[in-house]
Amino acid sequence: MATRAKPSAKTTTAPAAPPWTPSELIRILDDRYGRAPQQASAAPVFELLLTLLSQHTSDRNSGQAMHRLIERFPTWDAVLAAPVREVEDAIRPGGLAPTKSKRMQELLAEVKVRKPDWDLGFLRGMPLEDAKAWLTSLPGVGPKTAACVLLFALERPALPVDTHVERVSKRLGLVPLKMPADKAHAVLEATLEPDEVYAFHVDLIQHGRRTCHARGPKCDECPLEARCPKVGL
């Protein structure tokens, strides 16, 4: 009598854990790192130039360069009128001074044409997308710089996606791994409530700096590890 083959056991795969929601991320990372309250600078042109200086350098270096700039030149008109070599010398601690000095004066020249009084406070009352479009139409201003000006100078809910926010968001599966950073701004911002934008930005930067490093992330110490798909690792 033939022996029936035993039915093969079915293998079951546990469902993937759902991604962290923005509110969960904010709560967990606030608890881990703490977060300073938002304080608008009310100085959009200052934020424009500081963000330009922050490119490809540390906050410490860009801050020192900005301090030297405003110490040497008392007004934005003075920065614009100065020989480019003098501007270059003032911002040297921020790195790439020959390039950044030229870009700075080009940017200031266009702002001066549009707003001779340097007052960009009108951006506070514009629809958010229109304010972004106005800023990104300036020379050298991309989505990150525009968002920094709106968020940090004017308390508008625009999300800057810097290298830390981009890296952490992609590892958590919040945006596709190959999505360019300029597109990630809009995608991530759309998942947030207006009152979550500042917290999300600051918390993910702190997490990227302290735990979720570009190289050698401290996954064993990560408060998000239980539901992190570790995309790209």
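Derivation of every value follows stated rules applied to the coordinates shown; laboratory data play no part. The structure presented is a predicted model; accordingly, all values stated were derived computationally and were not measured. Glycine gets a Cβ as well: all are built from the backbone with ideal geometry, and neighbour counts include every protein chain shown.
What is the total of Lys pairs in region 93-188 with C-alpha atoms under 19 Å apart, excluding same-chain pairs fewer than 8 positions apart?
Step by step, the pairs that qualify in region 93-188 add up to 12.
The chain: longest stretch without exposed trypsin sites (Lys or Arg not before Pro) (DSSP loop, at most 10 other Cβ within 10 Å), sites themselves excluded?
On the way: sites that count: Arg4, Lys10, Lys178, Arg215.
With a cap of 10 other Cβ atoms within 10 Å, the longest stretch comes to 11-177.
Quick one: check the C-alpha center-to-center distance for region 79-119 versus region 45-66, whole angstrom.
12 Å
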